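The values are calculated or read from the model by the stated rules, or taken from the named source; none is laboratory data. Just so you know, these numbers come straight off a predicted model, no measurement behind them. FYI the Cβ positions are ideal-geometry reconstructions off the backbone, even for glycines, and counts take in every protein chain you see.
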Amino acid sequence: MNTVQAFFKQNGALSKVVDGYRERLQQIEMAEAIADAIEQQKNLIAEAGTGTGKTFAYLVPAILSEKKVIVSTGTKNLQDQLFTKDLPVIRKALKIPLLVALLKGRSNYFCHYRLKQALDSTFGYEKADADALAKISSWSRRTKTGDISEMSEVSETNPIWFHATSTKDNCLGQDCPDFAECFLVKARRKAQEAEVLVINHHLLCADWSIRDNGFGELLPSAEVVIIDEAHQLADVASNFLGVTLSSKQLNDLAEDTLAEFFTDATDLPDLRTASEDLQFELKNLRLAFGVEIRRGEWQEIENNPKITGALDDVVKQLKRLTDQLLIASVKTKGLETCFNRAEEMTLQLQTILNDAKGQWIRWFEIYKQSVTLSRTPLDIASEFRNFMQQHPATWIFTSATLSVANRFEHFANNLGIQADSNRWDSPFDYPNQSLFYHPRGLPKPIDPEFTAKIIEFALPVLEASRGRAFFLFTSHRALNLAAEILKKKISYPLLVQGSHPKTLLLEKFKQQGNAILLGTSSFWEGIDVRGEALSCVIIDKLPFASPGDPVLKARLQAMEQQGRNPFFEYQLPAAVIALKQGIGRLIRDVDDRGVLMVCDPRLLKRGYGQIFLDSVPAMRRSRDIKDVQAFFETESS
């Protein structure tokens with residue numbers, strides 16, 4: 001028996017450190033396939049159904065290979081779980097010394113210099129912000145890592161962290177007076193020395209874009225690169241290969257310049273005026289885009305004189321501020337950094353505004369208080385292929401959702417990957433643990449009363465399940481409408497996305513035990529609720545991306561021009577993978593039971609519906625509400 005197989009056996013090393021350990025054939029097979037890929041230096045696409053234990057299945061053979069390993073995850077939460085929970089278990093089981101490091105993006109590390117600036121600022125802060133800064137200051141004297149996720153008293157999402165962390169733009173680098181104590185530098189140093197380094201896709205792609213620009217690399221060279229939650233990589237990579245500039249970034253530049261002015265440059269009044277005038281024009285720009293929070297095509301900007309005029313004014317004021325910063329930059333390192341930022345942002349803005357060849361997708365996104373302008377590549381496949389070729393390693397791509405009807409072309413083609421592929425079904429007993437309910441008589445998705453009508457179909461299911469449900473929607477509008485209707489019709493606790501932070505909603509859902517949680521895209525994946533609290537998942541529509549999205553629209557048009565079929569090559573596979581993610585919330589453990597309800601009649605009335613059905617777990621299916629009621633009665637008897 002080989003070492004990898006022996007590790008996962010019922011009486012193997014892992015069973016001795018994990019309570020209630022159960023041997024899983026799928027996990028062993030996946031681990032052996034990854035060990036083989038590493039040994040033969042072959043790239044591998046590996047899909048593993050929920051419950052396979054894919055994290056251990058890739059970590060163990062990678063560690064046993066004794067090669068330098070980078071693991072990239074989809075989110076910071078998964079990073080933390082790998083580093084603080086999974087790797088310590090494996091290290092304990094293997095009984096070998098192992099140098100492991102965790103590296104996040106710059107904004108996740110406390111900055112001594114920025115906090116000192118904030119505390120010495122003459123601007124002053126509101127009481128809540130001042131209290132938060134005081135708590136951060138106290139914590140900063142105790143922390144060993146500077147990772148802001150450790151700080152429980154001030155939420156990571158609190159805007160005050162901007163004043164206690166650095167950005168690529170405002171970091172002073174080796175000229176910083178606190179460079180020797182910099183937590184980011186220390187984390188990067190550990191990353192270089194580690195045998196196993198845990199990062200996330202944003203950091204991987206940031207490093208990729210920096211290498212392409214000829215700067216030093218953030219991440220060490222690795223012999224094995226494992227991409228977990230690989231279905232998210234294409235979207236992250238697409239963002240990093242493009243150029244994005246926000247009005248908030250420009251406003252931050254003006255704000256930081258003002259802070260430097262009041263500290264070291266009060267003899268240059270034109271610098272203050274230029275900063276304040278830029279802030280004024282940025283407010284006008286945001287107003288010019290209107291009140292609706294949305295994404296839009298570049299053509300809308302070109303056809304709107306109010307927006308183009310506001311953009312011209314921002315460009316002029318940015319140039320004026322840059323000119324003033326050139327004069328002031330000789331005074332201090334902080335002013336020199338502001339000047340460099342202004343020059344860089346001017347270049348970024350010109351790159352976005354001037355696309356004479358039309359080879360990029362240009363678009364905008366409106367937020368409550370800011371707007372972003374973006375330029376995104378039409379296709380990233382060739383770029384990513386080059387990235388892999390320039391950095392030879394064994395690349396392992398894994399997720400629970402990479403295939404469409406058991407085929408991997410969509411995922412592989414999106415990233416230009418050439419690799420072997422394999423998939424392992426979930427070890428869970430879906431035919432006995434679950435029921436797929438798809439009632440007759442559902443309204444068409446284009447029906448203006450669609451949401452109200454499907455709630456009538458969902459109510460008896462929610463009664464049978466006694467709450468304990470995720471009701472997942474493909475749009476915020478449908479979610480809000482459903483919330484208004486449901487609060488008048490059900491007696492179970494109703495938790496609505498947006499009413500509280502996501503983590504708090506999930507905590508309430510688990511504690512209450514009979515709640516109904518309404519969510520959109522952020523609740524379709526990465527959520528793990530085990531046990532009876534989640535016994536039903538209802539999905540309103542097949543999750544096709546909005547055809548009005550400017551980036552998607554441009555990509556589909558480009559595929560059409562190439563004589564390809566964008567619906568079957570892109571839209572349909574992406575929707576199938578999204579649906580698989582949503583369904584994956586239901587059964588999370590070997591003892592879980594639950595009902596899945598999909599309210600979209602296209603599942604059976606359109607030819608492509610079979611592709612969805614061929615891609616979901618082997619659940620027992622029914623169109624009769626009595627089967628749903630019987631399923632839950634069996635549970636309570």
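Restricting V595, V537, V529 to residues that are outside the structural domain of G296 (by TED's automatic domain parsing) and within 23 Å of D447 (Cα to Cα) narrows the list to V537.
Name the single residue, out of those in the range 30-53 being of a type outside the set (K, R) and surrounded by fewer than 17 Cβ atoms within 10 Å (Cβ to Cβ), that is nearest to F428 (Cα to Cα). Spell out how you get there, then give the answer.
So in the range 30-53, the residues of a type outside the set (K, R) come out as 30-41, 43-53.
From what is left, the residues that are surrounded by fewer than 17 Cβ atoms within 10 Å (Cβ to Cβ) are 32, 36, 39-41.
Details: E32: 20, D36: 26, E39: 30, Q40: 31, Q41: 32 Å.
Ranking the qualifying residues of the range 30-53, first place goes to E32.
The set of residues from the range 382-406 being surrounded by 16 or more Cβ atoms within 10 Å (Cβ to Cβ) and more than 20 Å from A222 (Cα to Cα) comprises S399, A400, T401, L402, S403, V404. Checked against (1) closer than 27 Å to V590 by Cα; (2) without any contact (Cβ under 8 Å) to a residue 60 or more places away in the chain, A452 passes all but a single condition, namely (1). Scan the range 263-271 and tell me whether some residue there is acidic (D, E), over 30 Å from Q174 (Cα atoms) and either outside any helix (DSSP H, G or I) or at pLDDT 95 or above (or both). Among the residues of the range 263-271, not one is acidic (D, E), over 30 Å from Q174 (Cα atoms) and either outside any helix (DSSP H, G or I) or at pLDDT 95 or above (or both), which makes the answer no. Scanning the range 499-509 for residues that are out of contact with any helix residue (DSSP H, G or I) (no Cβ under 7 Å at 6 or more places or on another chain) and either surrounded by 15 or more Cβ atoms within 10 Å (Cβ to Cβ) or charged (D, E, K, R) (or both), we see that the one that is nearest to S152 (Cα to Cα) is E507.
So which residues in the range 244-269 are surrounded by fewer than 21 Cβ atoms within 10 Å (Cβ to Cβ) and of a type in the set (V, I, T), if there are any at all? Of everything in the range 244-269, those that are surrounded by fewer than 21 Cβ atoms within 10 Å (Cβ to Cβ) and of a type in the set (V, I, T) turn out to be T244, T263, T266.
Filtering H231, H202 for residues that are in a helix (DSSP H, G or I), under 30 Å from G584 (Cβ atoms), touching a strand residue (DSSP E or B) at 6+ places or on another chain (Cβ under 6 Å) and not assigned by TED's automatic domain parsing to the domain that holds W161 leaves a single hit, H231. Restricting the range 434-456 to residues that are surrounded by fewer than 19 Cβ atoms within 10 Å (Cβ to Cβ) and of a type in the set (A, V, I, L, M, F, W, C), the residue that is farthest from K626 (Cα to Cα) is I446.
Any residue that is among the polar types (S, T, N, Q), more than 21 Å from D175 (Cα to Cα) and surrounded by fewer than 19 Cβ atoms within 10 Å (Cβ to Cβ) - is there at least one of those in the range 352-359? Steps first, please.
Looking only at the range 352-359, we keep the residues that are among the polar types (S, T, N, Q), and these are 354, 359.
Remaining after also requiring more than 21 Å from D175 (Cα to Cα): 354, 359.
Those left that are additionally surrounded by fewer than 19 Cβ atoms within 10 Å (Cβ to Cβ): 354, 359.
Scanning the range 352-359 turns up at least one residue that is among the polar types (S, T, N, Q), more than 21 Å from D175 (Cα to Cα) and surrounded by fewer than 19 Cβ atoms within 10 Å (Cβ to Cβ).
Do we have any residue at all in the range 434-451 that's assigned to a helix (DSSP H, G or I) and either on the phi > 0 side of the Ramachandran plot or assigned by TED's automatic domain parsing to the domain that holds A575 (or both)? There is at least one residue in the range 434-451 that is assigned to a helix (DSSP H, G or I) and either on the phi > 0 side of the Ramachandran plot or assigned by TED's automatic domain parsing to the domain that holds A575 (or both).
Of all residues in the range 295-321, those satisfying the criterion of being among the basic types (K, R) and either in a helix (DSSP H, G or I) or surrounded by fewer than 14 Cβ atoms within 10 Å (Cβ to Cβ) (or both) are K306, K316, K319, R320.
Taking the range 598-637 as the range and being of a type in the set (K, R) and either buried (at least 17 other Cβ atoms within 10 Å of the Cβ) or not assigned by TED's automatic domain parsing to the domain that holds L462 (or both) as the test, only R602 passes. Residues that are buried (at least 19 other Cβ atoms within 10 Å of the Cβ), β-branched (V, I, T) and more than 22 Å from K144 (Cβ to Cβ) within the range 72-118 comprise T73, I90, listed in sequence order.
Among the residues of the range 467-492, those that are assigned to a loop (DSSP other than H, G, I, E, B) and within 25 Å of K541 (Cβ to Cβ) comprise G467, R468, F473, T474, S475, K487, K488, K489, I490, Y492. Annotation note: of R295, R341, R320, the sole residue that is touching a residue at least 24 places away in the same chain (Cβ under 8 Å), under 29 Å from the mean Cα position of the chain (by Cα) and closer than 30 Å to G173 by Cα is R341. Here P460 passes the criteria (1) touching a residue at least 24 places away in the same chain (Cβ under 8 Å); (2) in contact with an Asp or Glu (Cβ under 9 Å, 6 or more places away or on another chain); (3) at negative phi except the one numbered (2).
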